[in-house]
Amino acid sequence: MRIPIVDEQDEIIGYKDRRDRNPKDICRVTGLWLTDPEGNILLAQRSLDNNHDPGKWAPAVSGTVEEGETYELNMIKETEEEIGLKNPHLVFGPKFRRSTSHEYFAQCFTAVVDHNYPFIKQDEEVEKIRWFTKNEIMKFLKEKPEMFIQSFEPIAEYFLK
């Protein structure tokens, strides 16, 4: 899979195969903060076989933008692939610039879906999905921060205000 490599202004400067990316290359990723009408938040535990942050909790859906995709198109594709949610009404959230084990811009989205939506998780990417209250997330994050992806805390701080 080829992915866009961007500069510090998030302008595309080239493309690389994902496996050939240098850790200093800046790429684009997406994340979905999914809530139900009561304000509960759906989180996903990454597959135990995932190359990045296996078994850690993260926003409901995330993905790496591929060549020819926009942030929004990537999020629509990943949402259907990872949890079986079709045609979500995506709302653009903040875009963060992050440096963890790799460099990236993370475009966040939000959407609201019924608590009883029949999600179908993609086993290769997602170990489990679960609804949490805001208080449960804050307590879990405080007690076991190592159970979350590295970039989760700043995202949670933004969305849990």
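Being under 25 Å from residue 161 (Cβ atoms) and surrounded by 13 or more Cβ atoms within 10 Å (Cβ to Cβ), is that true of even one residue in the stretch 48-56? Yes; the residues of the stretch 48-56 include at least one that is under 25 Å from residue 161 (Cβ atoms) and surrounded by 13 or more Cβ atoms within 10 Å (Cβ to Cβ). Applying the condition of being hydroxyl-bearing (Ser, Thr, Tyr) and under 12 Å from the mean Cα position of the chain (by Cα) to the stretch 57-102 and asking which residue is surrounded by the fewest Cβ atoms within 10 Å (Cβ to Cβ) yields 64. In the stretch 140-161, the residues that are under 17 Å from residue 34 (Cβ atoms) and touching a residue at least 24 places away in the same chain (Cβ under 8 Å) reach residues that are in a helix (DSSP H, G or I) and not hydroxyl-bearing (Ser, Thr, Tyr) with C-beta atoms within less than 6 angstrom, at least six apart or across chains, in these pairs: 160/134. I need the full set of residues from the stretch 1-48 which are touching a residue at least 24 places away in the same chain (Cβ under 8 Å), of a type in the set (A, V, I, L, M, F, W, C) and assigned to a strand (DSSP E or B), in order please. Selection gives 3, 6, 26, 27, 29, 32, 33, 34, 41, 42, 43, 44. With respect to (1) out of contact with any helix residue (DSSP H, G or I) (no Cβ under 9 Å at 6 or more places or on another chain); (2) in a strand (DSSP E or B), the lone exception for residue 58 is condition (1).
Results for (1) surrounded by 15 or more Cβ atoms within 10 Å (Cβ to Cβ); (2) outside any helix (DSSP H, G or I); (3) in contact with a strand residue (DSSP E or B) (Cβ under 7 Å, 6 or more places away or on another chain); (4) among the polar types (S, T, N, Q), shown as yes or no for each residue.
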residue	(1), (2), (3), (4)
107	yes, yes, yes, yes
116	no, yes, no, yes
124	no, yes, no, no
130	no, yes, yes, no
139	no, no, no, no
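The requirement of being assigned to a loop (DSSP other than H, G, I, E, B), of a type in the set (A, V, I, L, M, F, W, C) and either at pLDDT below 95 or over 30 Å from residue 9 (Cβ atoms) (or both) is fulfilled nowhere in the stretch 71-84; no residue meets it.
The values are calculated or read from the model by the stated rules, or taken from the named source; none is laboratory data. Values in this document were obtained by computation on a predicted structure and should not be read as measured data. Quick reminder, even Gly has a Cβ in these numbers, built from the backbone with ideal geometry, and neighbours come from all protein chains shown.
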